[in-house]
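S.K.: Below is a structure I'd like to ask you about.
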Amino acid sequence: MFCPHKNSYLQLVCAMNPRVLNKAVDQAMERKHFDPHTERPPAQRLESMQPSLYAPHVDITRARLGFGRIGLRLLNRDLHSPDHLKQLQALHSVLDQVQITEDAMYLISIHLVYRLIDLMRNPDPVIREKVCMILTIVASYHQGRERIMTRPVIISSLLHLILRDRKEIRYAAAVTLKTLTDNRCSVETILKNKRIIEDLLKMVINDHKGIVVLHLKSLANLTERDQQRALISNAFQIMLKLFEDDDPKIVCGAMDCMTQLCKHEVGKTLADEYDLTFVLRPYLSHTCVEIIISAVSLMCYTTLTTRSKWRAKEICEDLTKTLVNLCHKPNKPLLQLNSMQVLINLCDCPDIRNHMKFHWERKVMLIRIRTHEEWDGTTETSSYGLETGHNYRTMCIEGVETIKNDYGDNATVVNVHSYLRRIHEIKDRLLYAINWKSYKD
């Protein structure tokens, strides 16, 4: 029988049309299905929400698929079926089955990944899109990433889709690449591709905004490992140009990439030449809190050089006032942490240190830090899926504040107690920096 809720097949062989069975059961239960797209008025959906990729002429009575270990093996085998309709149905059922952890792990163990990688260059756009969606879910598992990374050709195939395919498939491929780059072990293998950073920088300039946001996250993950290749490809100038974009997500992504670039000595030199501290100054009073957090995080690295400290001395009064006010945001611990770090960097300059001592020392002492009962590690969530629809396959929920250390084996682990202790320690360091005296004095 065909199950419309899972869009899959509950038994191996069906002697009659499953839709007749489903209709008979619904009629016996006196159940009425309401479909808003067939009711009056007829136009109930926006035209932009209609998918341009759909499976044509799919006859659900022709499939011989099922659940269980036997059914999953048949699904895996039918991915390379000569019958195109059966292949489409197998892909659709696999996409549903990988949502279940147990079935996903079994499909990974019977080498599903290798069959999917072979289908990435298929001429049918529906197959290419669904393959990317399945690989995204598989890549969220450790075993799945290991299998995927044993075939580095997948990176070339993803880049081919990102550069040349239609926008739906470019988006699906960008999500897959971003999922792979989120893991530090996979980044080393991905960077072996000679054109990965160059091609992503090319698409960041020309692609749709939703796809550019994903590319910027992938670039930030890749640049964290290797800043030199991005700097050679003029990534600094590209990210600086993206600061002027209207979309806050793109501005935040560009600032996060720039943060990674400024960890390199050449990036710090370029930051001084382009006077990045002055460029970031208007963003500290932006209406979007995510942009403020990204700007302050970037300023932690742009204020490390001697030249930047002496340039900041020219706007000492306004800059220190803004940063101290940002420190008094107990609802945004990440913003507090980075703001205090920028002030510690600026206190290396004697004039700024004296100004902080005279005007702001008492206010720094009064900075309030949240307790662990008041904070769970995030501030709010943003969902791409909630803005475009309620399809569970494409929904992406992520925290605005991501707590991530720059070093260590557990870099992405969130521990609220240790993180809040870190904020208390940096507050003590700021007070120590304000009251520090040179041996000459």
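The values are calculated or read from the model by the stated rules, or taken from the named source; none is laboratory data. The structure displayed is predicted, hence computed values, not measured ones. Note that we place each Cβ from the backbone using ideal geometry, even for glycine, and neighbour counts take in every protein chain shown. Side chains included, ligands, DNA and RNA excluded: accessible areas come from the protein's heavy atoms. Shrake-Rupley method; radii C 1.70, N 1.55, O 1.52, S 1.80 Å.
S.K.: Cβ under 13 Å from VAL279's Cβ, VAL279 left aside: what net charge do those residues give with Lys, Arg +1 and Asp, Glu -1?
M.R.: Value of the local net charge: -1.
S.K.: Sticking with this structure for a sec: How large, in percent, is the carbon and sulfur part of the accessible surface of the range 208-274 at a probe radius of 1.4 Å?
M.R.: 49
S.K.: Which links in LYS194/LYS332; LYS309/LYS427; LYS192/LYS427; LYS202/LYS309; LYS217/LYS357; LYS202/LYS263 stretch past 30 Å when you go from one Cα to the other? Don't skip to the answer; put the middle values down first.
M.R.: On the way: LYS194/LYS332 39 Å; LYS309/LYS427 20 Å; LYS192/LYS427 41 Å; LYS202/LYS309 34 Å; LYS217/LYS357 39 Å; LYS202/LYS263 22 Å.
Among LYS194/LYS332; LYS309/LYS427; LYS192/LYS427; LYS202/LYS309; LYS217/LYS357; LYS202/LYS263, the Cα-Cα distance tops 30 Å for LYS194/LYS332; LYS192/LYS427; LYS202/LYS309; LYS217/LYS357.
S.K.: A further question on this structure: Cβ neighbours within 10 Å, averaged per peptide: list 240-247, 291-298 in order, most packed at the top. Could you put the intermediate results ahead of the total?
M.R.: Working: 240-247: 14.0, 291-298: 24.1.
Ranked by mean Cβ neighbours within 10 Å, highest first: 291-298, 240-247.
S.K.: Packing-wise, with mean Cβ within 10 Å as the measure, how do 174-184, 69-79 rank, highest first? Please list the in-between numbers first.
M.R.: Working: 174-184: 22.3, 69-79: 17.5.
Highest to lowest by the protection proxy: 174-184, 69-79.
S.K.: Further question: Hey, what did the range 208-274 get for relative contact order, percent, Cα under 8 Å, at least 6 apart? If you can, show how the numbers build up before the last one.
M.R.: On the way: 55 pairs, mean separation 26.5, N = 67.
In percent, rounded to a whole number, it is 40.
S.K.: Follow-up question, since we're still on this one. Could you size up the charge dipole of the range 208-274 around its Cα centre, putting +1 on the beta carbon of Lys and Arg and -1 on that of Asp and Glu, and report it in debye to the nearest 20?
M.R.: Here the range 208-274 has a charge dipole of around 240 debye.
S.K.: For the range 60-193, what is the relative contact order in percent, using Cα pairs closer than 8 Å and at least 6 residues apart in sequence?
M.R.: Details: 135 pairs, mean separation 25.2, N = 134.
Once normalised by length, the contact order is 19 percent.
S.K.: What is the local net charge at HIS424, summed over the other residues whose Cβ is closer than 12 Å to its Cβ (Lys, Arg +1; Asp, Glu -1)?
M.R.: Details: positive: ARG368, ARG370, ARG421, ARG422, LYS427, ARG429; negative: GLU425, ASP428.
After counting each charged neighbour, the total is +4.
S.K.: Quick one: Karplus J couplings for the range 87-94, per residue in order, coefficients 6.51, -1.76, 1.60, θ = phi - 60°, nearest Hz, x for Gly and Pro?
M.R.: Using θ = phi - 60°, the values come out as 5, 4, 5, 5, 4, 5, 5, 4 Hz.
S.K.: Separate question: Lys/Arg Cβ at +1, Asp/Glu Cβ at -1, dipole of the range 297-379 taken about the Cα centre: which of THR303, ASN354, THR322 is farthest positive-ward?
M.R.: Most positive-ward Cα: ASN354.
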